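Asker: Below you'll find the structure I mean.
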Amino acid sequence: MGIRNRIIDPVQFELTLNRLAYQLIEEHDDFAQTALIGIQPRGVHLASRLSDIIENVTGRNDIRKGQLDITFFRDDLRQRQSLPQASVTKLPFLVEDLRVVLIDDVLFTGRTIRAALDALLAHGRPRSVELAVLIDRRFSRELPIQPKYVGRSVDILSDQKVRVRWAHDENGDGQDHVELTSISSEND
Amino acid sequence: MTELRSKHLLGIRGLTRAELELIIDTAVEFKGVINRPIRKVPTLRDVTVANLFFEDSTRTRLSFELAEKRLSADVVNFSAASSSVSKGETLVDTVHNILAMKVDLVVMRHPHPGAAHFLASRVDVPIVNAGDGTHEHPTQALLDALSLKEQFGQLDGLKVTIVGDIRHSRVALSNILCLQKLGADVMVCGPSTLIPKHYASMGVHVEHDIDKALAWCDVANVLRIQLERQGGGDHIPFFPSLREYHAQYGVTKERLACAESGGKKITIMHPGPMNRGVEIASDVADGERSVILNQVENGVAVRMAVIYLLASGLGG
């Protein structure tokens, strides 16, 4: 096992989620033309937490929520050692002309977001697409992609990993937090 | 499990239950893809697939070709009728020539049982068996399993009867293996001349009375009478005439009504092409319990899943 460091504790985590939610409300007003789309698998938790907070604050319960799977849009089929498992794409609305917010937990190289854009555009032509992430790993981008909403920016070594741990994760400790691990401990 | 153990798909026989479920679950996601406004994903952008059909086929070949195109693979087609096979070239030579043109994956249908296994032992690209003679037709069994899963949720304990020409049917063998691995109870039904004796040893029920078979089952998978494989010339036919076959074994509305008198409903499947009025009556084929066109739709999704899973092992 390598070293694990908590970089966001449960209290800060909650504050950060709330801030992101308020920023979205500020920008999107009544969400009438907005869709929040979580990227499978890990962006989906963040998207549902954010939409819960937004619905609580605004009193609305009809915000469009979707899940987007990008497996078939990846560009690394031949490079990968193991095959990622495909998950569900659930977009119970037309993205045509909507203001879409793509949501993921960690932004690293930007390749996932590139794939997500392709996957999203296969469903129609949104009016605009924004990106919200909990963690932005700066200086590690391989494509020209920047998020509009950022929970926390971190500058870390390329052989370290950031993991967002949700309270409901299997073999988690029941607390929302973010931790930094070195690659050698990636056996979980 | 996220990967298949073998680099080929030669038959259902070599697959575990977990692998069958992996293919079917992946196919469900691809079915979502082919029902979107844009029915194409860029997954296999730089992969070239050769479809080698040494035996006639419309549905399977179109289905594979569509599956490959929906995955953005490059596709080349080959059919024996218009090829060097008629000039005496061997199978292995033909395939090596095609591979020399840098093909990544081969889908093959061949009239000889075991042709896909033979080829897999001699070339080193993934081979997908699209039917080898009277042996196996794995993607058909997988699409049938997907169609049943959609209808019933799961296959455990499901009673499936396969009616018709079991002797010449690769669909029957692949289906029996696949259904049994997924927990279903299988019966074969047909004239004794069309059911080889060894089928009983596979753990399936053997029934020669269609009415008893229908009374037993939840699903009837009706197979085509393979007119081209019934011998001919001096060969003694397996049944007297098509008319007699229809009278004895044709699945008709009256037979179904009788079997369903207890209140159950029988789902009707057919791998195609249908001989209407021989093994299946038109009003049954077009009836509300027929999932025949779902099977065709699922065929594309299943073949996308198989090619996707095998192509992921190609490496850089």
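Asker: Can you tell me the orientation of helix B:59-70 relative to chain B, as the angle in degrees between its alpha-carbon axis and the longest Cα principal axis, to the nearest 10?
Answerer: 40
Asker: If r is the Cβ-Cβ distance from residue B:21 to residue A:168 and R0 is 35 Å, what FRET efficiency results, to the nearest 0.05?
Answerer: 0.90
Asker: At 222 nm, what value in deg cm²/dmol follows for chain A if DSSP H runs of at least 4 each add -39500 (n - 2.57) and the sum is divided by all its residues, to the nearest 500?
Answerer: Working: 3 runs with 46 residues, N = 188.
Roughly -8000 deg cm²/dmol at 222 nm, from the helical runs in chain A.
Asker: Let me ask something else about it. Hey, which of these cross-link pairs are over 20 Å Cα-Cα: B:31/B:159; B:69/B:102; B:7/B:149; B:159/B:265?
Answerer: Details: B:31/B:159 25 Å; B:69/B:102 18 Å; B:7/B:149 26 Å; B:159/B:265 12 Å.
Exceeds cut-off: B:31/B:159; B:7/B:149.
Asker: Suppose we compare each residue of the range B:284-316 in its chain alone and in the full protein complex with a 1.4 Å probe; which ones drop by at least 20 Å² of accessible area?
Answerer: Hits at the 20 Å² cut-off: B:308, B:312, B:315, B:316.
Asker: Say each of residue B:235 and residue B:152 gets a label point 7 Å from the Cα, pointing the same way as Cα to Cβ; how far apart are those two points in nm?
Answerer: Here the modelled spin labels are 3.3 nm apart.
Asker: Right, another one. Helix B:91-100 against the longest principal axis of chain B: what's the angle in degrees, Cα atoms only, rounded to the nearest 10?
Answerer: Approximately 40 degrees, to the nearest 10.
Asker: With a 1.4 Å probe, what is the total accessible area buried between chains A and B, in Å² rounded to the nearest 100?
Answerer: Roughly 1900 Å² of accessible surface disappears when A and B pair.
Asker: Separate question: Within 10 Å of each Cβ of B:29-40, how many other protein chain Cβ atoms are there on average? Kindly include the intermediate steps, with their values, before the conclusion.
Answerer: Values: counts 8, 2, 0, 7, 6, 0, 0, 6, 6, 6, 1, 2.
Average per residue, whole number: 4.
Asker: Turning to a different aspect of this structure: Per q in 0.09, 0.11, 0.12 1/Å, what log10 I(q)/I(0) does a Debye calculation on the alpha-carbon atoms of the protein assembly as shown return?
Answerer: Result of the Debye calculation: -0.75, -0.99, -1.09.
Asker: Sticking with this structure for a sec: So with the 1.4 Å probe, I'd like the accessible area per residue for the range B:181-271, rounded to whole Å².
Answerer: Numbers: 4410 Å² over 91 residues.
With all protein chains present, the range B:181-271 gives 48 Å² per residue.
Asker: Given a 1.4 angstrom probe, what's the average accessible area per residue across the range A:50-93, in square angstrom?
Answerer: 52
Asker: Taking the Cα centroid of the range B:1-37 and of the range B:40-69, what is the distance between the two, rounded to the nearest whole Å?
Answerer: So the two Cα centres are separated by 16 Å.
Asker: Could you point to the residue in B:221, B:268, B:172 farthest towards the positive end of the range B:161-316's charge dipole, with +1 and -1 charges on the Cβ of Lys/Arg and Asp/Glu respectively?
Answerer: B:172
Asker: Find the accessible area per residue for the range B:1-158; the probe is 1.4 Å, ligands and nucleic acids are left out, and the unit is Å². Intermediate results must be reported in sequence, preceding the final value.
Answerer: Values: 6630 Å² over 158 residues.
Each residue of the range B:1-158 exposes 42 Å² on average to a 1.4 Å probe.
Asker: Select from A:94, B:308, B:203 the residue farthest towards the positive end of the dipole of the protein assembly as shown; place +1 on Cβ of Lys and Arg, -1 on Cβ of Asp and Glu, and compute about the Cα centre.
Answerer: Result: B:308, furthest along the dipole toward the positive end.
Asker: Just flag the trypsin sites (Lys or Arg not before Pro) in the range B:191-278 sitting in loop per DSSP whose Cβ has no more than 13 other Cβ atoms within 10 Å.
Answerer: Taking the range B:191-278 and a limit of 13 other Cβ atoms within 10 Å, the loop trypsin sites (Lys or Arg not before Pro) found are B:264, B:265.
Asker: Helix-only mean residue ellipticity at 222 nm, chain B, DSSP H runs n ≥ 4 weighted -39,500 (n - 2.57), per residue, nearest 500. What is it?
Answerer: Values: 11 runs with 119 residues, N = 316.
Mean residue ellipticity, 222 nm, calculated: -11500 deg cm²/dmol.
Asker: Given a Förster radius of 45 Å and the C-beta distance between residue A:94 and residue A:3 as r, what FRET efficiency does 1/(1 + (r/R0)^6) yield to the nearest 0.05?
Answerer: Once rounded, the FRET efficiency stands at 0.45.
Asker: Further, regarding this structure: Using the per-residue mean of other Cβ atoms lying within 10 Å as a proxy for protection, in what order, highest first, do the peptides B:119-127, B:137-145, B:42-50 fall?
Answerer: Sorting B:119-127, B:137-145, B:42-50 by mean packing, highest first, produces B:137-145, B:42-50, B:119-127.
Asker: Here's another thing I want to ask about it. Where the accessible area of the protein assembly as shown is counted over protein heavy atoms with a 1.4 Å probe, how much of it, in %, is carbon and sulfur?
Answerer: Result for the protein assembly as shown: 50 percent of the exposed heavy-atom area is carbon or sulfur.
Asker: Give me the one-decimal nm value for the distance between modelled label points at residue B:243 and residue B:92, 7 Å along each residue's Cα-to-Cβ direction.
Answerer: 5.1
Asker: Could you work out how far apart the two model spin labels at residue A:121 and residue B:293 are, taking each label as a point 7 Å from the Cα in the direction of the beta carbon, and quote it in nm?
Answerer: Each label point lies 7 Å from its Cα, and together they span 3.4 nm.
Asker: Sticking with this one: What size of dipole, in debye to the nearest 20, comes out for the protein assembly as shown about its Cα centre when the only charges are +1 on Lys and Arg C-beta atoms and -1 on Asp and Glu C-beta atoms?
Answerer: The calculation lands at about 600 debye.
Asker: Going through the range A:1-103, which GluC sites (Glu not before Pro) have at most 12 other Cβ atoms within 10 Å and a DSSP loop state?
Answerer: Loop-located and lightly packed - A:96.
Asker: Rounded to whole Å, give me the distance from the Cα center of the range B:233-257 to that of the range A:107-181.
Answerer: Between the Cα centres of the range B:233-257 and the range A:107-181 lies a distance of 63 Å.
The values are calculated or read from the model by the stated rules, or taken from the named source; none is laboratory data. For clarity, every value in this text was computed on a predicted model and none was experimentally measured. Every residue, glycine among them, receives a Cβ derived from its backbone with ideal geometry; neighbour counts consider all protein chains shown. Just the protein is used for accessible areas: all its heavy atoms, side chains included, with ligands, DNA and RNA removed. Shrake-Rupley method; radii C 1.70, N 1.55, O 1.52, S 1.80 Å.
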